[in-house]
Every structure is written in C-alpha cells, then in structure tokens.
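*Asks:* This is the structure I want to talk about, given as structure tokens.
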Amino acid sequence: MKKINYVYAAAHEMTKLQQNELEGLNSLDLPEEIQKEMANNTKGQNLVSLALKFLVWCKENSCYDIIQPAGSPAFQAALQSVLPKEFEVYYSYSKRVSMDITQPDGSVKKISQFNHEGFYNIYGNKLSTILAYKYPLEKKKEIENIIKKFSL
C-alpha cells in the first residue's frame, strides 16, 4: 500500500495519542525556516505569502494532508483563504478534564488535562474516516491482503 504523506506543522511535539492516530502514515518534516515563520507570526508579516510558501512546499512534496498547522488565528485564516481543493487541514480536538484541588491554606488550585480525541477538518470530519474514503483503492487492497492471510 502506498504510504500517505502528511505534515505535522504544529509548534509543539505530538502526544502519544496523536502519534497513534497517525500511525502507518508517512510523516514529512517541514523545513525549519517555514516552521519558525508559521509558529512566530510577526506584526506586518504578509501571512498570505507565508501560507502560499507553505503550500508550495507541501505540493512539491506530495503532501496534501496538513495536521495541526502552527500560527496565529490570522495565519489560519490566510491559510484557509488560499487553500486549494486538493489539500485538507486537520486540527487536534481535545477534551479538557479539569480538577479543583483544595490546598492546605484553603486556596484552590485548578489543573486541566487535555485528552486527544482525534484530528478533524473544519467540516467536522475525522482524519481516519476521510482517509478511508480518500484512498479507497489502497484500503480495498489492504483489506484483501488481510483476508488472504486468514484464508485457508
């Protein structure tokens, strides 16, 4: 089966749960220069130009699935405004679990834990579901190979 390329373009490391969801896909490393520009948008920076620079790199590397792009909300808007139809952007959805812990002095310390629940596009579709539809021939061949292994 052909490996599906993706780029994880966040400013932080993936959690184990996020890595598990992307297992079996081919991760491409974004050049450090582009990664830094995306993660550190500056005042007066042309964000549309940066989004195009990022997308050109993705296209040159046959990477049409973008996971968790870094950058300000303004950069996200710029990216979506120039995103060609063959590209798909996925964002991590996490469920926040909060706990209030009363301290010995009576004050309350609030702790939040974020549990990854999946990568979703802006239409609410989960990455794993999309890939099954996007690459049906590869999936069909994979299923056929599994059936062959267990056939007598």
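The values are calculated or read from the model by the stated rules, or taken from the named source; none is laboratory data. All values reported here derive from a predicted model rather than from experimental measurement. Ideal geometry is used to build each Cβ from the backbone, glycine not excepted, and the neighbour counts take in all protein chains shown.
*Asks:* Scan segment 89-110 for residues that are out of contact with any Asp or Glu (no Cβ under 8 Å at 6 or more places or on another chain) and either without any contact (Cβ under 8 Å) to a residue 24 or more places away in the chain or farther than 21 Å from L22 by Cα (or both) and jot them down.
*Replies:* Listed by number, the residues that qualify are R96, V97, S98, M99, D100, I101, T102, Q103, P104, D105, G106, S107.
*Asks:* Right, here's the next one. Return the residue satisfying two criteria in turn: it lies in segment 17-28 and is modelled with pLDDT of 85 or more and out of contact with any strand residue (DSSP E or B) (no Cβ under 8 Å at 6 or more places or on another chain), and of such residues it is nearest to Y91 (Cα to Cα).
*Replies:* Residue satisfying both the conditions and the ranking: Q19.
*Asks:* Out of segment 97-152, which residues are closer than 20 Å to M14 by Cα and modelled with pLDDT under 70?
*Replies:* Scanning segment 97-152 gives a single hit, L131.
*Asks:* Residues in segment 70-120 that are among the polar types (S, T, N, Q), within 15 Å of the chain's Cα centre (by Cα) and closer than 23 Å to V56 by Cβ: how many?
*Replies:* Qualifying residue count, segment 70-120: 2.
*Asks:* Turning to a different aspect of this structure: If you take the residues in segment 61-88 that are crowded, with 19+ Cβ neighbours inside 10 Å and of a type in the set (G, A, S), which one is farthest from Q35 (Cα to Cα)?
*Replies:* A78
*Asks:* Let me ask another. Identify, by number, the condition in (1) modelled with pLDDT under 85; (2) touching a strand residue (DSSP E or B) at 6+ places or on another chain (Cβ under 7 Å) that Y64 doesn't meet.
*Replies:* Among (1) modelled with pLDDT under 85; (2) touching a strand residue (DSSP E or B) at 6+ places or on another chain (Cβ under 7 Å), Y64 violates only (1).
*Asks:* When you go through (1) free of Cβ contacts under 8 Å to residues at least 24 places away in the same chain; (2) within 23 Å of F114 (Cβ to Cβ) one by one for E60, which number turns out not to apply?
*Replies:* (2)
*Asks:* How many residues does segment 13-36 contain that are part of a helix (DSSP H, G or I) and surrounded by 16 or more Cβ atoms within 10 Å (Cβ to Cβ)?
*Replies:* The number of residues fulfilling the criteria is 4.
Table: residues versus (1) surrounded by fewer than 17 Cβ atoms within 10 Å (Cβ to Cβ); (2) of a type in the set (F, W, Y); (3) not in a loop (DSSP other than H, G, I, E, B).
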| position | (1), (2), (3) |
| --- | --- |
| A11 | yes, no, no |
| M38 | no, no, yes |
| T42 | yes, no, no |
| K53 | yes, no, yes |
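*Asks:* Anything in segment 83-120 that is in a strand (DSSP E or B) and under 22 Å from A51 (Cβ atoms)? List them, or say none.
*Replies:* Matches in segment 83-120: E88, V89, Y90, Y91, S92, F119, Y120.
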